[in-house]
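Trainee: Below you'll find the structure I mean.
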Amino acid sequence: MTEESMPLTSHLEDLRKRILNSLLYLTVGFGVCYAFREPLFSLLKLPMNAHIQIRTTRPFFSLIRQENPYQLYFLSPAEAFWMYLKMALLSGLCLVLPLVLWEVWKFIAPGLLEKERKYALPFVVVSTLMFYVGLGFCFMVILPYAMEFLLGFSQNLVPMISVGNYVDFCLKFLIAFGLVFELPLVIIVLTRMGIVTPATLARQRKFAILGAFILAAFLTPTPDAFNQTLMALPIIILYEAGILASRLLWRGGGTDG
């Protein structure tokens, strides 16, 4: 083995180790979530049949259930089984996300400077929290309003909802919002790296708004404008939050931003 190939071999071996560790975490997370699949499924049905109300006084959270809840059906013999597997897999990934992000950081850390490695713990903590905040915002705000609008759109039609389609709809929305809520962190990282500046981000605001609606059209599982708008508005707000945060952390001088 030549001297030049050693670093590449070591790099590939480290990548293999990180992938195997991540798969191990995911397997454990999947097993735990599959063991609790029925409570998870009952929780996932809440946006369709209930609203979570948040108050500033006790009780801080209250659940308002519909009088005539919607029912879910499976239309093929294996649909319910695959639904549980998919739900447990994505729930397990969300559960072990901090560990997976830590493996990602450990893989890229050797290529960073010593002063950059101190951001490991803040990166893992903040990115995980933002992802969970995105999940919570989608579950408590976006999904209930989306389901209420879509299921009550026509008074002359009775919805007969496939359990597979419903779970796909909810999981895609949840994962999409979890990723979208990482936008301020991405903007901060790009600003710290000097790739963009706060002034540049502010000048490109109109393109960011257009891009938010285009991205929402790809991320939303339905083609209707209502759900696309529900996705696009948080993206725009998070973009503005990213600009504000990047201005606070900007090191390129006081005139820019």
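What follows draws every value from the coordinates through simple rules; no lab data is involved. This structure is a prediction, so every number in the text was calculated from the model and none was measured. Neighbour counts run over all protein chains shown; Cβ positions are idealised from the backbone, glycine included.
Trainee: What angle do you read, to the nearest 10 degrees and between 0 and 90, between the alpha-carbon axis of helix 97-108 and the longest principal axis of the chain?
Mentor: That helix lies at roughly 20 degrees to the long axis.
Trainee: In deg cm²/dmol and to the nearest 500, what is the mean residue ellipticity at 222 nm of the chain if only DSSP H runs of at least 4 residues count, each as -39500 (n - 2.57), divided by the residue total?
Mentor: Values: 13 runs with 177 residues, N = 257.
-22000 deg cm²/dmol, from helical runs alone.
Trainee: For residue 14 and residue 117, FRET efficiency with R0 = 22 Å and r from the beta-carbon atoms, rounded to 0.05? Display every interim value, and only then the final one.
Mentor: Numbers: r = 15 Å, r/R0 = 0.69.
Using R0 = 22 Å, I get an efficiency of 0.90.
Trainee: What is the extension gain from residue 43 to residue 248, computed as 0.36 nm multiplied by their sequence separation minus the C-alpha to C-alpha distance, in nm to one decimal?
Mentor: Details: separation 205, 0.36 × 205 = 73.80 nm, distance 3.86 nm.
My answer for the length gained is 69.9 nm.
Trainee: Size of the dipole of the chain about the Cα centre, Lys and Arg at +1 and Asp and Glu at -1 on the beta carbon, nothing else charged, in debye to 20?
Mentor: Details: 20 positive and 16 negative charges, 125 e Å.
The calculated dipole for the chain is roughly 600 debye.
Trainee: Determine which lysines satisfy two conditions relative to residue 118: a Cα distance under 26 Å, and not lying fewer than 8 residues away in the same chain.
Mentor: 17, 106
Trainee: Of [x] 0.93; [y] 1.03; [z] 1.00, which is the value of Rg/Rh (Cα atoms, Kirkwood Rh) derived from the coordinates here?
Mentor: After the calculation, the listed value that fits is [y].
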